[in-house]
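Participant: Just dropping this structure here.
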Amino acid sequence: MNVKEKNKFDSSPAKPSLVPPWMAAFLSAIVPGLGQVLARQLWRGILVFVSFASIIGLMAWRFVETAPRDTGWFNIIQKAYYLEPILILITVSTGLLYLSNIYDGFMMAKIAGDSERTRPMLVFIMLILVFFGIGWQIGGIDLYAMVRQAPDAAPALSRLLWPWERAITYPEVIEKGTVEILSPCTETEFIPAPPPDEGPYLLTDLVCGDTSEQGGDTGTNFHVEGYNFSNESEIEIWWKDPLRNEFRQRQGGEYISVLPDENGNFEVDIAMPYRLLPPSAGEEAKVWTLQGRQVVAVQDWEFSQELTISIEKMIETIFIGMMATFFGILLALPLSFLAAKNLMSASPVTLVIYYIVRAIMNIVRSIEPLIWAIIFIIVVGLGPFAGILALTLHSAAALGKLYSESIESIDTGPIEAIQATGANWFQMVSYAVIPQIIPPFVSFTIYRWDVNIRMSTVIGMVGGGGIGFVLSQWIRLLDYSAAGIAVWFIAITVAILDYVSAEIRERFV
């Protein structure tokens, strides 16, 4: 390429600088980028000025954000440097950027008119470094904290990465011995249900008592005796309140459990626990149930509830993505032809339709499916239908754009040939356009199907159905083993779909 050809692609004409190099450097020191502009490097100077102004604004924002309670710029900057030492490094880098801008202005004026000289890139390297530093501070990146806290996260990560022990459970057979307690005591004599003829049971020295008070008096003390339990495992003490809520007895900060003797009997002293009942329960005396629970057998293994729920929700996720892709294609196909400029520029009316359709698709596509899911949840409620509507709308806009661009890039020869025969618009599309767009349409459709499957796991986290809903619940409950099962199913499903889509693409594209 000779100099003449090279200058065709150079936005800056090879003309001498309007000012000498020293003047360009001086002006760049006053206004960053001004020296470059006067050296006939207009866009370079504008880029330097806008970037420098953006950096100053971002730095001021970060100083105020870091020290929001201080007043006066000196106090704000001093406090910000103390709290975020990285701001010192960013300030030094900004100073070096300022000096490199002066040097760049000098060099641009010096080599102006010489198209063979390589333009220095130091100012752009410094720009990248400064923006990277600001991004580091805004993002709160702390690699040391990540390394320091990694050992604490290891147990949770291990359960997340290998959760399969949770996939199988061994159901336990639990026997209960019970006795009824009235609370509070009344003048009317309370007679609890008699013990059963067979199996374990409990007896207490008192048949009524008062519950403990929070941070106050301890409740009534009971001497509990248990009979006919197995002597092979320990017994846990539980209560069932009048609302039928069951909870384990805790005393002195520890759960109460006892070992029976060789005859399966035991004795233990406990205090009636604290329990807050809602006003709707009333103030009259109510019957509580004291329980002694013991695991007497372990049955054969079976799939856990978390595993079965993950399978069910993963199937639901796949069908959400599939239905959304199907409905999205139905909407995108007509829109794509209306959004193709080469098909809609025949008259002013069709051109207006083209711009309207493109504008609507751009607006819909700019809003993430997660936001659409939240909107549709308000309309149709929680569940997979809201997820299908959200993904359908976004898929229609995204596929419509991809389809229309495929139509705009087709060979115009067949179109002109069919138009020459006097064919109408529909005939032209049927015989000249559709045969050319089938391969890219299939490719884009498969890609969108893959995207919808992955996105359906995300919109489930806001209530749009699918496995994302239970995954977010398990993560909030810190149940990382259950969450790991869901993550594994998502990864396996995406891998299988990727293989299937590759096979389909190879056969049809």
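Participant: As a test of the formula, what do you get for the chain when each DSSP H run with n ≥ 4 contributes -39,500 (n - 2.57) and the sum is divided by the residue count, at 222 nm and rounded to the nearest 500 deg cm²/dmol?
Facilitator: -19000 deg cm²/dmol
Participant: So if we plug the beta-carbon distance of LEU330 and ARG119 into 1/(1 + (r/R0)^6) with R0 = 60 Å, what FRET efficiency do we get, rounded to 0.05? Spell out each step's value before the answer.
Facilitator: On the way: r = 53 Å, r/R0 = 0.88.
Rounded to the nearest 0.05, the efficiency is 0.70.
Participant: Further question on the same structure: Could you tell me how far the Cα centroid of segment 416-444 sits from the Cα centroid of segment 131-204, in Å?
Facilitator: What the calculation gives is 64 Å, centre to centre.
Participant: Using the Kirkwood formula over every pair of different C-alpha atoms, what hydrodynamic radius in Å results for segment 172-298?
Facilitator: About 15.2 Å for segment 172-298.
Participant: Additional query: In whole Å, how far is the Cα centre of segment 45-114 from that of segment 226-267?
Facilitator: 68 Å
Participant: What ranking, highest mean first, results for peptides 331-337, 456-462, 421-427 when packing means the other Cβ atoms within 10 Å averaged over each residue?
Facilitator: Order by mean packing, descending: 456-462, 331-337, 421-427.
Participant: Want the number for GLU503 to GLU368: 0.36 nm per residue separation, take away the alpha-carbon distance, what's left?
Facilitator: 45.7 nm
Participant: Next up: Between GLU254 and ILE128, how many nm apart are label points set 7 Å from Cα along the C-beta direction?
Facilitator: 6.3 nm
Participant: Residues in segment 303-339 near a label at SER409, defined as backbone nitrogen under 17 Å from the 7 Å Cα→Cβ point?
Facilitator: 336-337, 339
Participant: Suppose each label sits 7 Å from its Cα in the direction of the beta carbon; what would the ILE30-VAL64 distance come out to in nanometres?
Facilitator: 2.9 nm
Participant: Using square roots of five times the C-alpha gyration tensor eigenvalues, list the equivalent-ellipsoid semi-axes of the chain in whole Å, biggest first.
Facilitator: Value: 69, 39, 21 Å, ordered largest first.
Participant: If I stretch the segment between THR186 and PHE303 completely, what's the gain in nm (0.36 nm per residue apart, minus their alpha carbon distance), one decimal?
Facilitator: Result: 37.2 nm gained on full extension.
Only the coordinates and a few stated rules stand behind these numbers; no lab work does. It should be emphasised that the depicted structure is a prediction, and the values quoted were computed from it without experimental measurement. Virtual Cβ from ideal backbone geometry, glycine too; neighbours counted across all protein chains shown.
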